[in-house]
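Working notes, structure below.
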Amino acid sequence: MSHKDFASADGVTPRQRWGAVLAIVGAGIVAALQVGKVIIAAPLLRKDLGLDLAAIGTLTAVFSILGTVGGIAAGGVIARFGARRMLMLGLLTTAVGTVIGVLAPGYGVLLASRVVEGLGFLMITVAGPAALQRIVTGNRRDLAFALWSCYMPAGMAIAMLASQAFADWHAYWWCAGGAAASALVAVLLQAPATPRGADLSWRGLRQDTVDTLGAAGPVLLALSFTLYSLMFFALFAFLPVLLMERLGLTLAQAGLYSAIATAANMIGNLGAGVLLARGWRRSTLIACASAVMVCVALVIFGAALPAMSTFLLCVLFSAVGGLIPSTLLGTAPLVAPRPALAAASVGLVMQGSGLGQVIGPVLVGGAIDRHGWTVGSFIVASVGIAGVVVAWRLRRVRTASL
């Protein structure tokens, strides 16, 4: 591995750089853990606080809603104050929100705590790629971003598996907050400082937003992430239910199987880094992965297959789909209108991700309730075909390897 693979202006060694990369990826995993903890702790929350499914859904959706509306703004703030500084602030905010949640006397305060956690999640997920962009360059850049893209499936899988050890959600929350504090210390010790940008102003933030939205690259990447998230969460938001109905699993077993299928997403995340390093076009990876997801979804939703075959197809759907977020997140800084807007470009892409997470479960869930599982396949297929079209359009963006 060459020293040219790293931004070395401050004389930091490659070993230290990879320590920083792992600390930043760890911060992302901790952020994703906060998303997954509500999903898997839902039965405990319902029992202790008497919450209905709508209330649980709101606790989960807060993160996606904040991501949908605040991505570019977060990118602008991060560009002004520095990615490392805002990454640490995001982890601190997450830890504080978790403590507020533990001490919540009722649903209102718990919901407020999720808003605080969601702000931390937004800062972490936008600042993380911006920090990596300054740390790793050259041939190892795509690998670093492939590792970063594992944060969501890794965090969700850990949340699902860790839940088996807790009989009380308060203890789960304390551990999640401790994880955020530990990640904060790791970033403080490992990640090099990033310079501040120009002073923050509403005029500058507005101009950054206009410039980012006016560039074809970030907009197309955001649209592609919306379509991917819609496809992925259309299936995985209801995967435990699907597994319980098709495989006859208990809730605990469905959680374990769901964790395995979710973790399979990391295979594609890391595979994208390898393929990009070997010269694959980014648009080709996105198009091929979208096409395979369409074919697999048609079989999962529409065919009466043996139970284990259905589960294995879910694993395949997740693994192949993992090629897309890794490619998108690694490409976002490259297509920014100017280097100073790298964080804003990532923020816009994350807004696309959040939008898909909000739309997917609602759209597919309502359709399944009315027309059965088969109709879900047609929705996912339509979205996947649109993903192929967007990937083809990305070829026109004037950036190397697209």
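Per-structure values
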| quantity | calculated |
| --- | --- |
| Residue in segment 190-202 that is at pLDDT 90 or above, touching a helix residue (DSSP H, G or I) at 6+ places or on another chain (Cβ under 7 Å) and surrounded by fewer than 23 Cβ atoms within 10 Å (Cβ to Cβ) present | no |
| Residues of segment 111-136 that turn out to be more than 15 Å from S353 (Cα to Cα) and among the β-branched types (V, I, T), as a count | 4 |
| Candidates A112, A104 - the one that is over 19 Å from the mean Cα position of the chain (by Cα), assigned to a loop (DSSP other than H, G, I, E, B), modelled with pLDDT of 90 or more and surrounded by fewer than 19 Cβ atoms within 10 Å (Cβ to Cβ) | A104 |
| Subset of segment 87-101 (residues that are surrounded by fewer than 24 Cβ atoms within 10 Å (Cβ to Cβ) and closer than 30 Å to P339 by Cα) | M88, L89, L92, T93 |
| Where A144 falls short, out of the listed (1) at pLDDT below 85; (2) within 18 Å of G322 (Cα to Cα); (3) of a type in the set (A, V, I, L, M) | (1) |
| Conditions (1) more than 20 Å from the chain's Cα centre (by Cα); (2) crowded, with 24+ Cβ neighbours inside 10 Å; number of the one not met by A144 | (1) |
| Sole residue being under 18 Å from G128 (Cβ atoms), surrounded by fewer than 24 Cβ atoms within 10 Å (Cβ to Cβ) and touching a Pro at 6+ places or on another chain (Cβ under 7 Å), chosen from P333, P339 | P333 |
| Filter result for A79 (in contact with a helix residue (DSSP H, G or I) (Cβ under 8 Å, 6 or more places away or on another chain), closer than 27 Å to Q207 by Cα and crowded, with 19+ Cβ neighbours inside 10 Å) | yes |
| Any hit, segment 294-313, residues being without any contact (Cβ under 8 Å) to a residue 24 or more places away in the chain and within 26 Å of G279 (Cα to Cα) | yes |
| Tabulated pairs, segment 54-67, first touching a residue at least 40 places away in the same chain (Cβ under 8 Å) and at negative phi, second crowded, with 17+ Cβ neighbours inside 10 Å and outside any helix (DSSP H, G or I), C-beta under 6 angstrom, 6+ apart or interchain | none |
| Subset of segment 183-196 [in a helix (DSSP H, G or I) and in contact (Cβ under 8 Å) with a residue 60 or more places away in the chain] | A183, L184, A186, V187, L188, L189, Q190 |
| Evaluation of P43 against (1) surrounded by fewer than 20 Cβ atoms within 10 Å (Cβ to Cβ); (2) modelled with pLDDT of 80 or more (one fails), failing number | (2) |
| Residue tally, condition assigned to a loop (DSSP other than H, G, I, E, B), more than 30 Å from P105 (Cβ to Cβ) and in contact with a Phe, Trp or Tyr (Cβ under 8 Å, 6 or more places away or on another chain), over segment 131-182 | 1 |
| Residue within segment 350-364 that is within 17 Å of the chain's Cα centre (by Cα), within 15 Å of P218 (Cβ to Cβ) and either surrounded by fewer than 18 Cβ atoms within 10 Å (Cβ to Cβ) or aliphatic (A, V, I, L, M) (or both) present | yes |
| Residue under evaluation D168, criteria (1) under 27 Å from M88 (Cβ atoms); (2) surrounded by fewer than 18 Cβ atoms within 10 Å (Cβ to Cβ); (3) among the acidic types (D, E), criterion not met | (1) |
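Conditions (1) under 25 Å from R84 (Cβ atoms); (2) buried (at least 18 other Cβ atoms within 10 Å of the Cβ); (3) more than 18 Å from the chain's Cα centre (by Cα); (4) modelled with pLDDT of 80 or more, marked per residue:
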{"site": "A154", "(1), (2), (3), (4)": "yes, yes, no, yes"}
{"site": "Q164", "(1), (2), (3), (4)": "no, no, yes, no"}
{"site": "A180", "(1), (2), (3), (4)": "yes, yes, no, yes"}
{"site": "P218", "(1), (2), (3), (4)": "yes, yes, no, yes"}
{"site": "M231", "(1), (2), (3), (4)": "no, yes, no, yes"}
{"site": "A234", "(1), (2), (3), (4)": "no, yes, no, no"}
{"site": "L243", "(1), (2), (3), (4)": "no, yes, yes, no"}
{"site": "S258", "(1), (2), (3), (4)": "no, yes, no, yes"}
{"site": "G271", "(1), (2), (3), (4)": "no, yes, no, yes"}
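The values are calculated or read from the model by the stated rules, or taken from the named source; none is laboratory data. This one's a predicted model, so the numbers in the text were calculated from it and none came from an experiment. Here Cβ is always computed from backbone atoms with ideal geometry, including for glycine, and neighbour counts include all displayed protein chains.
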